[in-house]
Amino acid sequence: MDKVPEVQTSESDGIRTVTVGGEFDPDTIGLLSGTLLPVPEGCAGTVLDLADVLFADSAFLHLLLRARQEHASVGVPLVLARPSTAVSRLLDVTDTARAFTLAPSVPAAAADIRATGSRGPAPR
């Protein structure tokens, strides 16, 4: 995986999967921020695949917390899938892992969303 930040988005059955890789810091976090926020209309849930994140700092954590809050405010689940070592370490050191729903795989994350978000997104 290259150090250059990469963000790819796909959608299936209303569930958006955002696959993220590379290094994220205050200079590069905007790429991900523009994808995660705001939550798209009609989105049933977001899976954030973090397996290929090589570096994540406080800017990354701040965005994750903002995304969690934004998703919760509109009743749309956000699930972090396959957190990389860098992301896991960041969540552990800051004691914020418990603030998120974590899943071991993208399919497991999508299943979590289907189970908890079966009513669909909250009206806006």
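Relative to the current alpha-carbon distance between R89 and S12, full extension at 0.36 nm per residue lengthens the span by 24.7 nm. Each other residue within a Cβ distance under 13 Å of D27 adds +1 if Lys or Arg and -1 if Asp or Glu, for a net charge of -2. For the chain, the longest principal axis of the Cα atoms and the long axis of helix 106-116 meet at an angle of about 40 degrees.
Full extension of the chain between L37 and R66 yields a length gain of 9.6 nm, computed as 0.36 nm times the residue separation minus the alpha carbon distance. In the chain, the longest principal axis of the Cα atoms and the axis of helix 58-73 are about 0 degrees apart.
Per residue, what accessible area does the chain have, given a 1.4 Å probe and all protein chains present, in Å²? Kindly include the intermediate steps, with their values, before the conclusion.
Working: 6330 Å² over 124 residues.
I get 51 Å² per residue for the chain.
Against the compact-protein benchmark of 2.2 N^0.38 Å, the Cα-based radius of gyration of the chain scales to 0.97. For the chain, averaging the sequence separation of C-alpha pairs within contact (under 8 Å, six or more residues apart) and dividing by the residue count gives a relative contact order of 25 percent.
Placing a pseudo-label 7 Å from each Cα along the Cα-to-Cβ vector at D52 and D25 gives an inter-label distance of 2.1 nm. Counting only Cβ charges, +1 for Lys and Arg and -1 for Asp and Glu, the dipole size of the chain around its Cα centre is about 500 debye. Seen from R82, the other residues with C-beta closer than 11 Å to its C-beta sum to a net charge of -2, counting Lys and Arg as +1 and Asp and Glu as -1.
Rounded to a whole number, what % of the accessible area of the chain do carbon and sulfur atoms account for, probe 1.4 Å?
On the way: 3280 of 6330 Å².
So the carbon and sulfur contribution to the accessible surface is 52 percent.
Near T17: Cβ cut-off under 12 Å, other residues only, Lys/Arg at +1 and Asp/Glu at -1. The net charge is -1.
The values are calculated or read from the model by the stated rules, or taken from the named source; none is laboratory data. Only a predicted model underlies this, so the values are computations on that prediction, with no experimental measurement involved. Ideal geometry is used to build each Cβ from the backbone, glycine not excepted, and the neighbour counts take in all protein chains shown. Quick note on the areas: whole protein, heavy atoms, side chains included, nothing else; ligands and nucleic acids left out. Shrake-Rupley method; radii C 1.70, N 1.55, O 1.52, S 1.80 Å.
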